[in-house]
1. Residue under question is A177, and the condition is that it be assigned to a helix (DSSP H, G or I), open to solvent by less than 10 Å² (accessible area, probe 1.4 Å) and under 29 Å from R42 (Cα atoms); does it hold?
2. Which of the residues belonging to region 127-170 are without any contact (Cβ under 8 Å) to a residue 60 or more places away in the chain, touching a Ser or Thr at 6+ places or on another chain (Cβ under 9 Å) and either over 16 Å from T103 (Cβ atoms) or surrounded by fewer than 16 Cβ atoms within 10 Å (Cβ to Cβ) (or both)?
3. Identify, by number, the condition in (1) over 15 Å from the mean Cα position of the chain (by Cα); (2) farther than 26 Å from A57 by Cα; (3) crowded, with 20+ Cβ neighbours inside 10 Å that T103 doesn't meet.
Amino acid sequence: MAQRPKKQEDDNNKRSENRGGEQRGGDQGENPFIEKLVAVNRVAKVVKGGKRFGFAALMVIGDQKGRIGFAHAKAREVPDAVKKATEAAKRNMIRIPLREGRTIHHDVYGHFGAGKVVLRTAPPGTGIISGGPMRAVFEVLGVQDVISKSVGSSNPHNMILATLEALKSTVSPRQVANRRNKKVSDIVGKQKEYGGKLDAEAATKESAKEE
């Protein structure tokens, strides 16, 4: 049985090592944001001589730690529209205060155009009780427990913007304390929540984590 020359074996080993190195480098440069494609619509532009067709993409991105961005973009092809929307969303990111990193601080109502949504805080283990575009927003934001309901238009664009308006209106105990020039313990005090006690010291530590 003929044996391979030693030089050929060395070349094969170098190629396998190079392939492995390129793969590890790709893993290290992983995108820190979670991207969700909400909707893709076919659009047309009337020009001289006919119609020019394209696609419009709605994208939401987030780091699952309280930051979220939303944008829509148009292009001749779907991948180009998704890429443009993703880049625009990264430039328009906002931070939303989360309670214990899993839910919103209080019940809120938001509307944009004909879109109207109601968001309610939920105890641990509830999960994301939502559907459609609103679920994509909560998943990329990092919300784990929330109850939501859309009571207006089912248009994805209006629903997402209404949800973001509602999230923007949430305030944490630390933000309220800073506005009133008081301590967090003076705002929260002692209260019962979901059958357990949340004292002022725990609330202060929780608000400090948000910073």
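1. Values: assigned to a helix (DSSP H, G or I): yes; open to solvent by less than 10 Å² (accessible area, probe 1.4 Å): yes; under 29 Å from R42 (Cα atoms): no.
Spelling it out, it is not the case that A177 is assigned to a helix (DSSP H, G or I), open to solvent by less than 10 Å² (accessible area, probe 1.4 Å) and under 29 Å from R42 (Cα atoms).
2. Within region 127-170, I129, G131, G132, K149, S150, M159, A162 meet the criteria.
3. Just one mismatch for T103, condition (1).
Residue-wise test of (1) open to solvent by 20 Å² or more (accessible area, probe 1.4 Å); (2) under 30 Å from T170 (Cα atoms); (3) not aliphatic (A, V, I, L, M).
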{"residue": "K45", "(1), (2), (3)": "yes, no, yes"}
{"residue": "K48", "(1), (2), (3)": "yes, no, yes"}
{"residue": "F55", "(1), (2), (3)": "yes, no, yes"}
{"residue": "V60", "(1), (2), (3)": "no, yes, no"}
{"residue": "I68", "(1), (2), (3)": "no, yes, no"}
{"residue": "E77", "(1), (2), (3)": "yes, no, yes"}
{"residue": "T86", "(1), (2), (3)": "no, yes, yes"}
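The values are calculated or read from the model by the stated rules, or taken from the named source; none is laboratory data. Please read all numbers here as calculations on a predicted model, not as lab measurements. Counting neighbours? That spans all protein chains shown, and the Cβs are built from the backbone with ideal geometry, glycine included. Remember, those area values only see protein heavy atoms, side chains included, never the ligands or the DNA or RNA. Shrake-Rupley method; radii C 1.70, N 1.55, O 1.52, S 1.80 Å.
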